[in-house]
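**Q** Once you've had a glance at the structure underneath, I'll fire off some questions.
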């Protein structure tokens, strides 16, 4: 039996780059800044370009899910889900939620019809994976474009993204510095209650600032948005961790250095999107 040679010890520089949370911090920051730049440029140059950015991101996420599902023999019907999902996004923006709902219903039917050609073996499994992916990615994404279509939609998107990203940053910093008590050790061992507290502090603070100064809303709405963003972002992250554990994989992909796959960054945003839309639509008048 051939024995594995021991791995060389980490150099001090490598130890600094990869912290307790397991991320390559310089790469993670560089990728995060680049993503934010793309989002802001599309939002404030030509608003409709942002729909394209969302569509591309979700289609990439769909391919990552497809590859992940394939490790356990699930064949996700990519073409009908991707086509119908993109139609849902543009239908929600240029039409209404009713338009997106009709597109979703037709996509569900199309997904099942598409899968018929491969026979009965695994039909429920594969079709269910397709409907799950359509809901998990594109239905949630539709609420993002619904925020965008308001008169101050670009700033609503900023408030939603800032609250979600602040939760991640606050959780990362507090978790690395103070994390001792695991929140869900069987699901995500590195997520701690101390990190969750940091997420709340950063999320509420950013929620107040973004709602008051970007949307001219009441400060208490920022608290609601911040708390909801933290809770839903955490649940979204834990849910994706469960998916990965169920499939026996570490990351959804390796597209983003320091982050993993794109889905490893989208998991929080897609979970927060529907509630952020509801809070801002109900509590913040359009300016």
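**Q** Comparing 95, 229, 217, which has the greatest mean-square fluctuation in the GNM of the chain with Cα pairs linked when under 10 Å apart?
**A** Top of the fluctuation ranking is 95.
**Q** Further question: Cut-off is 10 Å between beta-carbons; in what order do 126, 216, 121 appear when sorted fewest neighbours first?
**A** The fewest-first ordering by Cβ neighbours comes to 121, 216, 126.
**Q** Would you mind classifying the range 117-226 by shape? Square roots of the alpha carbon gyration tensor eigenvalues, ordered a ≥ b ≥ c; an a/c under 1.5 is rounded, otherwise it is prolate if a/b is larger than b/c and oblate if not.
**A** oblate
**Q** With N set to the residue count of the range 22-143, report its C-alpha Rg divided by 2.2 N^0.38 Å to two decimal places.
**A** 1.20
**Q** Sequence gap at least 6, Cα distance under 8 Å: using those rules, report the relative contact order of the range 22-283 to the nearest whole percent.
**A** Across the range 22-283, relative contact order equals 20 percent.
**Q** Treat the count of other C-beta atoms within 10 Å as a stand-in for reagent exposure and order 64, 48, 150 from fewest to most.
**A** Final ranking by Cβ density, sparse to dense: 48, 150, 64.
**Q** So between residue 71 and residue 106, what do we pick up on full extension, going 0.36 nm a residue minus the alpha carbon distance?
**A** Fully extending the segment from residue 71 to residue 106 adds 9.8 nm.
**Q** By how many nm would the segment from residue 169 to residue 40 grow when fully extended, if each residue of separation counts as 0.36 nm and the alpha-carbon distance is taken off?
**A** 44.6 nm
**Q** Can you tell me the Rg and Dmax of the range 22-283, counting just the alpha carbons, in angstroms?
**A** Expressed in Å, the Cα Rg and Dmax of the range 22-283 come to 18.4, 56.
**Q** For a quick check, take a GNM of the chain with Cα springs below 10 Å and name the residue from 106, 235, 266 with the largest mean-square fluctuation.
**A** Of the options given, 106 has the highest mean-square fluctuation.
**Q** Most fluctuating residue of 185, 274, 77 in a GNM of the chain with Cα springs under 10 Å: which is it?
**A** Among 185, 274, 77, the largest mean-square fluctuation in the Gaussian network model of the chain belongs to 185.
**Q** Given the DSSP H assignment, sum -39500 (n - 2.57) over each helix run of at least 4 residues in the chain and divide by its residue total; what's the result at 222 nm in deg cm²/dmol, nearest 500?
**A** Calculated mean residue ellipticity at 222 nm is -23500 deg cm²/dmol.
Quick note: the coordinates plus some simple rules give every number you see, no bench work behind them. Values in this document were obtained by computation on a predicted structure and should not be read as measured data. Ideal geometry is used to build each Cβ from the backbone, glycine not excepted, and the neighbour counts take in all protein chains shown.
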